[in-house]
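Below: one structure, written as structure tokens.
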Amino acid sequence: MGAFLWPCPLRSLATTRPSRVATFEGRFTDAAALRIGVVVARFNDLVTTKLLSGCLDCLHRHGVDTAPESTQLDVAWVPGSFEIPLVAQRLAASGRYQVVITLGAVIRGDTPHFDVVVAEVGKGVAAVARDTGIPVIFGVLTTDTLQQALERAGIKSNLGWSYGLQALEMGSLMAALPA
């Protein structure tokens, strides 16, 4: 009994595929035209101010005007991480920003409050990006201890810098993609 060969759908696609595949990548240069909104949680500000500092340092070193009178960057402070999605939504929907960065720190305690906040801020930030088409960088630390949060906000490395890079990359990538 011979083996039956199913037709390979990929084989037929290979013959209809264009000869050149387009590749799109974000860049860390050309940041001068990028308008950025940052949402920072005030709760756990020992951590979030360090994240903001690292983020602003990255953006500045890559050509973004981070001066207080800058027209390229705005920072909005919210009470806690739970409030981040609402303000990120307002900024993204305004049409004024090409990318929004969210910065917060949720540290596990003795109650289930941590799980609720982490789940809602994560879902909320993702929904903002999907609903508006504006990249929203998820820079909310979720750690078990304050020490872990501090290590990620500057003692060992500052993830705020990484969130700044992600914003530059996503802002330029979205500009390069076809409409």
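Among the criteria (1) modelled with pLDDT of 95 or more; (2) surrounded by fewer than 20 Cβ atoms within 10 Å (Cβ to Cβ); (3) at negative phi, the one residue 158 does not fulfil is (2).
Checking 121, 116, 78, 100 one by one, the residue that is over 20 Å from residue 147 (Cβ atoms), at pLDDT below 95 and of a type outside the set (S, T, N, Q) is 116 and no other.
The lone criterion from (1) surrounded by 15 or more Cβ atoms within 10 Å (Cβ to Cβ); (2) closer than 23 Å to residue 171 by Cα left unmet by residue 95 is number (1).
Checked against (1) surrounded by fewer than 16 Cβ atoms within 10 Å (Cβ to Cβ); (2) in a helix (DSSP H, G or I); (3) free of Cβ contacts under 8 Å to residues at least 24 places away in the same chain; (4) not charged (D, E, K, R), residue 60 meets all criteria but (1). Summed over the stretch 138-179, the residues that are under 19 Å from residue 128 (Cβ atoms) and acidic (Asp, Glu) give a count of 1.
The sole residue among 12, 53 that is among the hydroxyl-bearing types (Ser, Thr, Tyr) and at pLDDT 60 or above is 53.
The values are calculated or read from the model by the stated rules, or taken from the named source; none is laboratory data. Here the structure is a predicted model, which is why all the values come from computation and not from measurement. Glycine gets a Cβ as well: all are built from the backbone with ideal geometry, and neighbour counts include every protein chain shown.
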